[in-house]
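Each remark here refers to the structure printed beneath this line.
The values are calculated or read from the model by the stated rules, or taken from the named source; none is laboratory data. Computed from a predicted structure; not experimentally measured. Reconstructed Cβ throughout: ideal geometry from the backbone, glycine too, with neighbour counts over all protein chains shown. Ligands, DNA and RNA are stripped out before the accessible areas are found, and what is left, the full protein with its side chains, is counted by its heavy atoms. Shrake-Rupley method; radii C 1.70, N 1.55, O 1.52, S 1.80 Å.
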Amino acid sequence: MKRISFGALACVAALAAAFVLPAGHAAAEEYPATLSTSGTSVAYAAPDTAAITVGVVTDAKDAAKTHTDNAARTALVHKAMKDLGIADADIQTTHYDFSQRYDTRDDGKTELVGYTAQNMISITVHDLSKVGRVIDAALAAGANRIDSLEFSASDLTNAKTTVLEGAMRDARAKAEALAAAAGVRIIRVATISYADVYTQPSNSVRYSAMVKEASADFGETPIAAGRLSLEGLVNVTYVIE
């Protein structure tokens, strides 16, 4: 009969414990207790550029006349912008559409009644004092639609840094409040993620099919640039004990 020494068994058990305990300790280090919070912040910047989208829309029964009228009025709008000192690079056609117009008769049938041409132009203005004059000049020259007026800033580096720093402080303050309430302590930051900082124009004006008759006595359209609002969001996970 084979005999097994209890001393040998004790040694084997001790060796097994020596290998198991460090593994459990490593698992605890790999998955520490954590606390996750999010932080938000807002910063402001002064705009220095405006983008105005104007349009020339013409209707006629004849296709050639529709196109010719639209081209002539659009050319006048381009000339008016250049007369105000707007560079060619800051005048861009963003959309052109030429379509047929149909009407439904009493008998339910449709018939061609004319054509519509639409030419949309984006105008970038770097001197904000000219924004009102640009709108008025475009309308006086033949534009009969203004789709949007949006402000932007050419350099937002400092504002983006400020808003992300503020969001991190907000996340830390929330984490410290939660940790204190839970009776734990923050050890270090485990992970950080952030959403792209985006800009909200606080003064964005939009018009739908706005028509203003050309006249020698109308005053300049008052435009206020206001300020841009930048919002940031961070998500932070902290190791706690």
Checklist entry - At a probe size of 1.4 Å, how large is the accessible area of Lys82, to the nearest 10 Å²? => result 110 Å²
Checklist entry - Hey, quick one: spin label on Ala153, modelled 7 Å out along Cα-Cβ, who in the range 31-58 has an amide N within reach, i.e. under 20 Å? => result 40-52
Item to check | Nearest-0.05 FRET efficiency for Ala89 and Tyr44, computed from C-beta distance (R0 30 Å) | outcome: 0.55
Checklist entry - Quick one: ranking Leu164, Leu76 by accessible area, 1.4 Å probe, largest first, what do you get? => result Leu76, Leu164
Checklist entry - Stretched out fully, how many nm does the piece from Asn235 to Arg169 gain, at 0.36 nm a residue minus the Cα gap? => result 22.6 nm
Checklist outcome for this item: Partner aspartates and glutamates whose C-alpha sits under 12 Å from that of Lys160, ignoring same-chain residues fewer than 8 away, are Asp196, Glu231
Checklist entry - Taking a probe of 1.4 angstrom, what is the accessible area of Tyr115 in Å², to the nearest 10? => result 40 Å²
Checklist entry - In straight Cα distance, which aspartates and glutamates are under 15 Å from Lys82, not counting same-chain residues fewer than 8 positions off? => result Asp90, Asp127, Asp136
Next on the checklist: Probe radius 1.4 Å, ligands and nucleic acids left out: which of Phe98, Phe151 has the largest accessible area, and how do the rest follow?
Outcome noted: Phe98, Phe151
Item to check | Per-pair calculated FRET efficiency, R0 = 22 Å: Ala51 and Val113 via Cβ, rounded to 0.05 | outcome: 0.05
Item to check | Modelled FRET efficiency - R0 22 Å, Thr104 with Ala63, Cβ distances, 0.05 increments | outcome: 0.60
Checklist outcome for this item: Magnitude of the Cβ-charge dipole (Lys and Arg +1, Asp and Glu -1) of the range 67-137 about the Cα centre, nearest 20 debye, reported as 180 debye
Item to check | Global geometry of the range 40-170, whether rounded, prolate or oblate, following the gyration tensor of its Cα atoms and the 1.5 cut on a/c | outcome: oblate
